[in-house]
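Structure, as structure tokens:
The values are calculated or read from the model by the stated rules, or taken from the named source; none is laboratory data. As the structure is a prediction and not an experimental result, all values here were calculated from the model. Every residue, glycine as well, gets a Cβ built from its backbone with ideal geometry; the counts of neighbours run over all protein chains shown. All accessible areas refer to the heavy atoms of the entire protein, side chains included, with ligands and DNA or RNA removed. Shrake-Rupley method; radii C 1.70, N 1.55, O 1.52, S 1.80 Å.
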Amino acid sequence: MPKTVDKSFDRRANHLLRSLQLCGGCVPLHRLQFQFSDSVIQTLLDKELVQVQNTGRGFLLEIAEDFNS
């Protein structure tokens, strides 16, 4: 059973990365909180695939520069 959960989790993480790419590489963090779980977002942050930027008016989740190259 844990393998099914891992595959589902990986699918959601990949879906989030594709969504970010389709949105130009960044999206306001508050828009994602209802579509993706905090654990998916945190895992991508831990793997340094995405980063959070404080704009002064909110937070953006963006694809990490190292990941783009």
- Query: Somewhere in the stretch 23-44, is a residue within 21 Å of E65 (Cα to Cα) and in contact with a Lys or Arg (Cβ under 7 Å, 6 or more places away or on another chain)?
  - Reply: yes
- Task: Among the residues of the stretch 22-60, count how many are touching a residue at least 24 places away in the same chain (Cβ under 8 Å) and either open to solvent by 100 Å² or more (accessible area, probe 1.4 Å) or over 18 Å from R11 (Cβ atoms) (or both).
- Result: 10
